[in-house]
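The block underneath contains the structure these notes are about, expressed in structure tokens.
The values are calculated or read from the model by the stated rules, or taken from the named source; none is laboratory data. This one's a predicted model, so the numbers in the text were calculated from it and none came from an experiment. Cβ atoms come from the backbone with ideal geometry, glycine included; neighbour counts cover every protein chain shown. All accessible areas refer to the heavy atoms of the entire protein, side chains included, with ligands and DNA or RNA removed. Shrake-Rupley method; radii C 1.70, N 1.55, O 1.52, S 1.80 Å.
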Amino acid sequence: MNSRTISICFVRSMLSHCPEHQRAELFRRAGLAPDIIQQDKARISPAQFAQLSRSAMKVSGDEACGHYPGKLKLGTYRLLAQFVSEAKDLRSAIARNIQFIDILETGYQPHFKEAGRNAHYQIQPEAGCTVSPWVVEQHLMLTHRFMSWLVGTPIPLSYVGCHYPAPPHRDEYHFLFFSPMRFEQAQSELVFESRLLDLPVVKSHDDLEALVRQMPYNLLFMPSHQKNYTDQIRRYIRKSLPNSPSYEQISESLGLTPQTLRRRLRDEGCDFRQIRNELLRDMAIDLLQQSDASVQEISYQLGFSEPSAFIRSFRNWTGVPPNHYRRQEAAQFKADSVQSP
């Protein structure tokens, strides 16, 4: 278990154009209580998020779920992936991506330019159109992860620019891009080193078919960031529990000085405290869902000195105490079992 949970903020954004009368059924299919969308600190699993996304596309007949001026017919993303995958290298893959998207009614246009040592992949609104943060985030994230998958290696980002102000849930963006975020920029863009444009496309047709069959779930876990410091620290802390390793111990285990590790984490858009809290939160959610361990047992497994400290932290993370969270999950499971044929 090393799953990262997903904030309800992204669920709200994804379903913002979905009629309310359809949402209850979408949540039921994903094994979620319909009222979870009203809970500001609620979190769901990647599998539940992927199920919501697939169901919303199917119900609406629109792979953009209402976020574009025109509908994206089911199968559009498959055709896009097939067209882009025929490129010989990253530069031509980006060109093909832009060429395909230009024929769709999205309300924005992608652009690409090289400036000195940097490459800039940008999206700009078309005349009279407004591009929402959700559209920006999804397009840039999926483009980055798909391109990384095509060339079979990480595409490290120098930074990600967004044309809108930083949202209250800005800490969530770390796991979208693993890079610094710059808000209120003139352009929404991915910025990386131009030298990477010559990377060859290495994925086969069979590889692509396997990827497309599991979209969007597999794109939430692209293997292009397995060697980043965030994941290494998460793994180190998890193996050390219930002991709580210090920042200095972790930096030494990675062969870095504390100052260097701090700088590397800043390049990934996060810090040590954030990584630790997110890991404990996600492990707590998983244990409450998947095990019969008591709250006291879970608190000690996660390195808390007292259950009361764990309960306070869990309430801060999710908005509800752990026993309440577990009862919600059990009630929803029972409701799903009753409704299943």
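What to note about this one:
- Condition check for residue 63: farther than 16 Å from residue 5 by Cα, modelled with pLDDT under 90 and open to solvent by 10 Å² or more (accessible area, probe 1.4 Å): no
- Of all residues in the range 87-115, those that are surrounded by fewer than 13 Cβ atoms within 10 Å (Cβ to Cβ) and touching a residue at least 60 places away in the same chain (Cβ under 8 Å) total 2.
- Failed item in (1) under 21 Å from residue 264 (Cα atoms); (2) touching a residue at least 60 places away in the same chain (Cβ under 8 Å); (3) assigned to a helix (DSSP H, G or I), with residue 232 passing the rest: (2)
- Residue among 193, 209 that alone is more than 30 Å from residue 126 (Cα to Cα) and modelled with pLDDT of 90 or more: 209
- For beta carbons closer than 6 Å, sequence separation of 6+ or different chains, a first residue in the range 274-288 that is closer than 17 Å to residue 300 by Cβ and a second that is open to solvent by 10 Å² or more (accessible area, probe 1.4 Å) and charged (D, E, K, R), the qualifying pairs are 288/326.
- Of residues in the range 24-43 being within 21 Å of the chain's Cα centre (by Cα) and open to solvent by 50 Å² or more (accessible area, probe 1.4 Å), the one farthest from residue 318 (Cα to Cα): 29
- The lone exception for residue 35 - which of (1) free of Cβ contacts under 8 Å to residues at least 12 places away in the same chain; (2) not in a helix (DSSP H, G or I) it fails: (2)
- Residues being assigned to a loop (DSSP other than H, G, I, E, B) and surrounded by 20 or more Cβ atoms within 10 Å (Cβ to Cβ) - total across the range 68-86: 1
- Count - residues of the range 261-288 that are charged (D, E, K, R) and not in a helix (DSSP H, G or I): 2
- Residue 4 among the charged types (D, E, K, R) and part of a helix (DSSP H, G or I): no
- Residues satisfying the stated conditions in the range 123-143, i.e. hydrophobic (A, V, I, L, M, F, W, C) and either under 16 Å from residue 101 (Cβ atoms) or outside any helix (DSSP H, G or I) (or both): 123, 127, 129, 131, 135, 136, 140, 141, 142
- Qualifying residue in the range 289-304 (condition: among the β-branched types (Val, Ile, Thr), open to solvent by less than 30 Å² (accessible area, probe 1.4 Å) and in a helix (DSSP H, G or I)): yes
- Residues located in the range 77-101, provided they are closer than 30 Å to residue 19 by Cβ and either modelled with pLDDT under 95 or not β-branched (Val, Ile, Thr) (or both): 77, 78, 79, 80, 81, 100
- All positions within the range 237-256 that are open to solvent by less than 50 Å² (accessible area, probe 1.4 Å) and over 25 Å from residue 299 (Cβ atoms): 251, 254, 256
- Selection of the range 171-209 for residues being of a type in the set (A, V, I, L, M) and in a strand (DSSP E or B) yields 181, 190, 191.
- Identity of the residue in the range 156-170, outside any loop (DSSP other than H, G, I, E, B) and open to solvent by 10 Å² or more (accessible area, probe 1.4 Å), that ends up nearest to residue 87 (Cα to Cα): 159
- Residue count for the range 110-131 under the criterion of being of a type in the set (Asp, Glu) and either at pLDDT below 95 or at positive phi (or both): the result is 1.
- Scanning the range 212-230 for residues that are modelled with pLDDT of 85 or more and farther than 21 Å from residue 83 by Cα turns up 229, 230.
- When the residues of the range 122-155 are filtered to those that are of a type in the set (Ser, Thr, Tyr) and farther than 16 Å from residue 108 by Cα, the one that is surrounded by the fewest Cβ atoms within 10 Å (Cβ to Cβ) is 153.
- The single condition from (1) out of contact with any Cys (no Cβ under 6 Å at 6 or more places or on another chain); (2) open to solvent by less than 80 Å² (accessible area, probe 1.4 Å) that residue 188 fails is (1).
- Checking each residue in the range 305-321 for being surrounded by 19 or more Cβ atoms within 10 Å (Cβ to Cβ) and modelled with pLDDT under 95 picks out 317, 318.
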